[in-house]
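Trainee: So that we are looking at the same thing, I have put the structure below in structure tokens.
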Amino acid sequence: MYINWRSRELNLKVVYYGPAMSGKTTNLEQIHQRVDPQRRGELVSVKTHEDRTLYFDFLQLELGKIGGLTPKIHLYTVPGQTYYEASRKLVLKGADGVVFVADSSQRRFVDNQLAWHKMQEYLVDFGLNSDAIPIVVQFNKQDVMDAMPPQTMKMLLRMDGCPFYSATAIKGEGVLDTLKGITRGVLQFVQRQAVPVTTAR
Ligand SMILES: Nc1nc2c(ncn2[C@@H]2O[C@H](COP(=O)(O)OP(=O)(O)OP(=O)(O)O)[C@@H](O)[C@H]2O)c(=O)[nH]1
Ligand SMILES: [Mg+2]
């Protein structure tokens, strides 16, 4: 997070993290399509020839004012392929909030588990313990034949205490609810910090 007092902007970083192919980029594409162009920047993606995320995807959103400042949310995704482990970690650095996009297909259960644990490990490496920043979970691909129910996944993955959302990102379902959830979490979190967001300078 950083505040630009000159332009009165509160810049916040939200990272969409999760196993390979869980729908992280699809979330950003849907947000890009659904949000008023006045309030968002362009979606920046660098993809491999197979349409996979190479470094990260990026989208900037502007929200209504809080305490005289305009919050700007910078949305990032991580690349899911094993090969890009280092960038996956690096993108998490400085995150003010995380959306964990799980793949609800039963066949991907272990991948979700591995990604979830790795993410906790990385956050701790950056000095962020599990309750240091808000994390919300999205159980995506609820439309697939072998989709597990969100409640079951949450319990088996031990995601206690995290707000969670069901989604079928490819149809845009649950995408904005998830975004609202993390945005609310991050703004509440920032207001609880010692940052003087309500004092004018
Ligand atoms: N059935 C179904 N497919 C989905 C859904 N969301 C995304 N997909 C598909 O899953 C594949 C991967 O989606 P991406 O959004 O590229 O996933 P990603 O997590 O960004 O993948 P990496 O960046 O490679 O880790 C694409 O073929 C999407 O169309 C969904 O809700 N249901
Ligand atoms: Mg991607």
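For (1) within 23 Å of Gln120 (Cα to Cα); (2) in contact with a strand residue (DSSP E or B) (Cβ under 9 Å, 6 or more places away or on another chain); (3) not aromatic (Phe, Trp, Tyr), each residue gets a yes or a no:
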| position | (1), (2), (3) |
| --- | --- |
| Ile3 | no, yes, yes |
| Glu9 | no, yes, yes |
| Tyr16 | yes, yes, no |
| Met21 | yes, yes, yes |
| Lys24 | yes, yes, yes |
| Glu29 | no, yes, yes |
| His32 | no, yes, yes |
| Arg39 | no, yes, yes |
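Trainee: Right, something else. Provide a single number: the residues in the stretch 119-171 that are over 28 Å from Val190 (Cα atoms) and out of contact with any Ser or Thr (no Cβ under 7 Å at 6 or more places or on another chain).
Mentor: Result for the stretch 119-171: 8.
Trainee: Collect the residues in the stretch 13-56 that are in a strand (DSSP E or B), touching a helix residue (DSSP H, G or I) at 6+ places or on another chain (Cβ under 7 Å) and either buried (at least 23 other Cβ atoms within 10 Å of the Cβ) or without any contact (Cβ under 8 Å) to a residue 24 or more places away in the chain (or both), keeping them in residue-number order.
Mentor: Passing the criteria: Val14, Val15, Tyr16, Tyr17, Arg40, Ser45, Thr53, Phe56.
Trainee: List, please: which pairs have Cβ atoms under 8 Å, are six or more places apart or on different chains, and start with a residue in the stretch 86-99 that is over 19 Å from Val136 (Cβ atoms) and end with one that is outside any loop (DSSP other than H, G, I, E, B)?
Mentor: Once the first residue is over 19 Å from Val136 (Cβ atoms) and sits in the stretch 86-99, its partners that are outside any loop (DSSP other than H, G, I, E, B) give Ser87/Tyr55; Ser87/Phe56; Lys89/Tyr122; Lys89/Asp125.
Trainee: Only residues that are closer than 19 Å to Lys13 by Cβ and away from ligand 2 (no atom under 16 Å from the Cβ): list them for the stretch 32-57, please.
Mentor: Across the stretch 32-57, the qualifying residues are Val35, Arg39, Arg40, Gly41, Glu42.
Trainee: Residues that are hydrophobic (A, V, I, L, M, F, W, C) and farther than 20 Å from Thr25 by Cβ: list the helices (runs of 4 or more DSSP H) wholly contained in the stretch 84-199 that include at least 1 such residues.
Mentor: Here the list reads 109-125, 150-156, 175-192.
Trainee: Looking at (1) at pLDDT 95 or above; (2) under 14 Å from Val14 (Cα atoms), can you tell me which one Ala132 breaks?
Mentor: If we test Ala132 against (1) at pLDDT 95 or above; (2) under 14 Å from Val14 (Cα atoms), just (1) comes out false.
The values are calculated or read from the model by the stated rules, or taken from the named source; none is laboratory data. Because the structure is predicted, anything quoted here is derived from the model rather than measured. Every residue, glycine among them, receives a Cβ derived from its backbone with ideal geometry; neighbour counts consider all protein chains shown.
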